[in-house]
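To start, the structure under review is shown below, and the notes come after it.
The values are calculated or read from the model by the stated rules, or taken from the named source; none is laboratory data. Since we're looking at a predicted model, the values are computed, not measured. We place every Cβ from the backbone using ideal geometry, glycine too, and count neighbours over all the protein chains shown. With ligands, DNA and RNA removed, areas are computed over all heavy atoms of the protein, side chains included. Shrake-Rupley method; radii C 1.70, N 1.55, O 1.52, S 1.80 Å.
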Number of protein chains: 4
Amino acid sequence: MNAEPLSPDAATVVAALREELSELHQELVRYDLVVWTGGNVSGRVPGQDLFVIKPSGVPYERLTPQSMVVCDLEGRVVDGGGLKPSSDTAAHAYVYRHMPEVGGIVHTHSTYACAWAARGEPVPCVLTAMADEFGAEIPVGPFAVIGDDSIGRGIVETLTGHRSPAVLMRNHGPFTIGPGPRAAVKAAVMCEDVARSVHISHQLGRPLPIDPEAVDRLHHRYRHAYGQPGTSAQ
Amino acid sequence: MNAEPLSPDAATVVAALREELSELHQELVRYDLVVWTGGNVSGRVPGQDLFVIKPSGVPYERLTPQSMVVCDLEGRVVDGGGLKPSSDTAAHAYVYRHMPEVGGIVHTHSTYACAWAARGEPVPCVLTAMADEFGAEIPVGPFAVIGDDSIGRGIVETLTGHRSPAVLMRNHGPFTIGPGPRAAVKAAVMCEDVARSVHISHQLGRPLPIDPEAVDRLHHRYRHAYGQPGTSAQ
Amino acid sequence: MNAEPLSPDAATVVAALREELSELHQELVRYDLVVWTGGNVSGRVPGQDLFVIKPSGVPYERLTPQSMVVCDLEGRVVDGGGLKPSSDTAAHAYVYRHMPEVGGIVHTHSTYACAWAARGEPVPCVLTAMADEFGAEIPVGPFAVIGDDSIGRGIVETLTGHRSPAVLMRNHGPFTIGPGPRAAVKAAVMCEDVARSVHISHQLGRPLPIDPEAVDRLHHRYRHAYGQPGTSAQ
Amino acid sequence: MNAEPLSPDAATVVAALREELSELHQELVRYDLVVWTGGNVSGRVPGQDLFVIKPSGVPYERLTPQSMVVCDLEGRVVDGGGLKPSSDTAAHAYVYRHMPEVGGIVHTHSTYACAWAARGEPVPCVLTAMADEFGAEIPVGPFAVIGDDSIGRGIVETLTGHRSPAVLMRNHGPFTIGPGPRAAVKAAVMCEDVARSVHISHQLGRPLPIDPEAVDRLHHRYRHAYGQPGTSAQ
């Protein structure tokens, strides 16, 4: 709270990020990934040791750019306009501190991802769309209780060196990362989509495996050739 | 019907509650917890032996603050504007009479909660979001038929001394309670959400249990630290 | 087509019914009971040997009161404004001819009802909401192919003397009846709702039976005491 | 890119097709067949060796007639307004080259169709609505990786001589064809609808088979007698 004021340049960047995060939270609603006030999106402030995150317990229809909370990388509020940040702030902060390539993080309790997470089972990579976006199974992270660094540590340990931008925290739900918040939201949407399709496929038998070499090829191509130039498969 | 007129203060409180209940009923629609005219929300009039409840058999899109029905704690209509109250009024009245801490009640036939209720099985607490909101399994109440006090008695007997604000009445569906109607609606939304996720998780195997001590810690923290000050995790 | 013009009174009744049917078709969309141009609602013209039904193959968003088609009880077009009636017209006509108490009919391919119908299994009455509306299991009718009276005959034979206003035609889907088209739409909505809840309940075990005497009591009460006076549990 | 300019007549046809495709893509969203930027619709330009297709990686809410990309039958961009065409363009081009009767193609990753595709199992024809639209089971095509002609070849080899306008490409998802893009979109909608109903039916047992002769009769009648004259069961 006793933070120095932002430079004019940083203030402009933060204002744009507040706007982007406010809109991206509506995608969580649109894709049915959240109920009531659950779930959150954050984004790193480029060039600053700061990130912006959803306030705690505020309904989605009342979220505005102004209601987003600016925190430092220890999770302390820098500019909250009187609002407390998401109760998952410590986990986001931990990830930003330990994964400098991460510019956006999303957490939801989306249904099918939670169903796999409750059993502690990874989602096997049996669809080409999953090979594209995740390049591998979606892995499971450890059981960890809110209140210290254990959730953040579990995310970092599981995703470091893994192609998947999503981890299913055991008995909890998915966290997704990306170079920016929009990519992390996309990963959250795709995570639920493939968790659902693969679950349903398993209900009547065994999905056929995809050859690992084909998974590699699909993932490489998707990362480098999909979408319009400059949009990075987001 | 031969009730005394409300004092001016009580009339203001009732008017605000009518407004709140009219809006809260739309949340049942938004979260797909009800079809046609099924389901209902009620709220206790603070400081009065009265509660306000949905009229019977009126479509959700025609509910207005004026169409809500004011009843006394025996379930008799005090101010109905010519409309009969919900056919579940006796059950709501029983709960308000016997659980003074309850300020709001919701009843739905939401799909997954009904699926557990039809088998008479509680929903086990295998997700951290469930530990947060329910602090335990969601219990099953007895089979009871509309028309006397048996539904209300079943709710009160099951929820008294239980952390869960939700009970699955056998072969019937969920009733949820809260300090006010908004908290009870939240519990109804969360009840269906976790009933669905845990059901789906069970379809492909056994969810892993959560250590009871961790359930306790999560529930305590959620009750006391979540959300903005003064909003009580609603 | 060579029908006599309607009397002024009948014309007023038909105009109101066209309006009602146009609106009721939107309920099929709203409750996700239909896709593309599938499904249809019809209503009998009171006091006339006529009924009004959806045109064939017209998208729901283009249905208007004017696009509805008036037929006689043999299914011949009396006033179609150039449009052909639903391909299920013969089945509706047969029911109106043989069940004078029926004033409205609905047909859909709603997902869970079709799933039971494809196995030829009735939906057992294991929820109080089902006892209320159906008073019994939802029965299965014979396999019958469009093109002659066999669908209509199957509906009439199955529903005559049965409490249920819904029949699942084998490998086909549900038909529902009611004293008017709105009641038949409600039965179609409730049919899918309970077919879904009971299906999901069965996925993890056996729903508990409801005592037949309790089913009787619930059904009787619902028929006579639910809703506002004069609305007949619709 | 070094293509000759379109004749004025062809330009008018292309403009109308851009408009139609822009609207048809919204049907994919409305029927929940796609998430994020996945899925695509294309339409052949009548009388030209050209087709029009969705741009790659552009969100559905930003698709306009102008953003659609015109390609030749080798999949080379003829008029893209600076946008790259869908990454599935080579597959669409292959189909248009080898199936002259095809005027529209749709690809999605719709949930239930993908669930069957991941197991490499065809959807059996156990519903009359499926006999109507598909006239047979929905077949499975080979596993094929994006990047050469193998997806297109798999579609053509599977659907040539088959009544079904839909193929489930193994571990990938459905492609549907039609005389025009609207018919192909309808097939995509119906494909997911029956894949879902038949999946759900299988969850609790075995759907009853439909006599092949009845399938033939239903399919023939639907192709020739459904809908308003001139609309070809679309």
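Between chain D and chain C, the total buried accessible area stands at approximately 3000 Å², from heavy atoms with a 1.4 Å probe. Computed from Cα positions, the angle between helix B:89-98 and the longest principal axis of chain B comes to roughly 80 degrees. Taking Cα atoms only, the orientation of helix A:181-203 departs from the longest principal axis of chain A by about 30 degrees.
Averaging the sequence gap over all C-alpha pairs within less than 8 Å and six or more residues apart, then dividing by the number of residues, gives segment A:8-224 a relative contact order of 20 percent.
Secondary-structure-derived ellipticity at 222 nm for the protein assembly as shown, considering helices only, amounts to -13000 deg cm²/dmol, per-run term -39500 (n - 2.57) for DSSP H runs with n ≥ 4. Here the protein assembly as shown exposes an accessible surface that is 52 percent carbon and sulfur, computed with a 1.4 Å probe and the other protein chains kept in place.
Label separation (A:Ala16 vs C:His162): 6.4 nm, computed from points 7 Å beyond Cα along the C-beta direction.
Over 26 Å between C-alpha atoms is what I'm after, so list which of B:Lys84/C:Lys54; B:Lys54/C:Lys54; C:Lys54/C:Lys186; C:Lys54/D:Lys54; A:Lys54/D:Lys84; A:Lys84/B:Lys186 land there.
Numbers: B:Lys84/C:Lys54 35 Å; B:Lys54/C:Lys54 34 Å; C:Lys54/C:Lys186 17 Å; C:Lys54/D:Lys54 34 Å; A:Lys54/D:Lys84 35 Å; A:Lys84/B:Lys186 20 Å.
Exceeds cut-off: B:Lys84/C:Lys54; B:Lys54/C:Lys54; C:Lys54/D:Lys54; A:Lys54/D:Lys84.
Of the residues making up segment A:112-134, those losing 40 Å² or more of accessible area when the isolated chain is joined by the remaining protein chains, with a 1.4 Å probe, are A:Ala118, A:Arg119, A:Leu127, A:Thr128. Within the shell defined by Cβ-Cβ distances under 12 Å, the residues around B:Val123 carry a net charge of -3, with Lys and Arg each +1 and Asp and Glu each -1. Of the candidates A:Val145, A:Val29, A:Val123, which one comes out as most mobile in a Gaussian network treatment of chain A with C-alpha springs shorter than 10 Å? Comparing A:Val145, A:Val29, A:Val123 in the GNM, the peak value goes to A:Val145.
Which number do you get for Rg(Cα) / (2.2 N^0.38 Å) in chain C? All intermediate terms of the calculation are to be shown ahead of the outcome.
Working: Rg = 17.5 Å, N = 234, 2.2 N^0.38 = 17.5 Å.
Normalised Cα radius of gyration, chain C: 1.00.
Sorted largest first by accessible area at a 1.4 angstrom probe radius, with every protein chain in place, the residues A:Thr12, B:Thr64 fall in the order A:Thr12, B:Thr64. The order of B:Glu157, D:Glu192 by accessible area, most exposed first and with a 1.4 Å probe, is B:Glu157, D:Glu192.
Using a 1.4 angstrom probe, figure out how much accessible area chain B has per residue, in square angstrom, rounded to the nearest whole. Walk me through the intermediate numbers first.
Values: 8630 Å² over 234 residues.
In whole numbers, chain B has 37 Å² accessible per residue.
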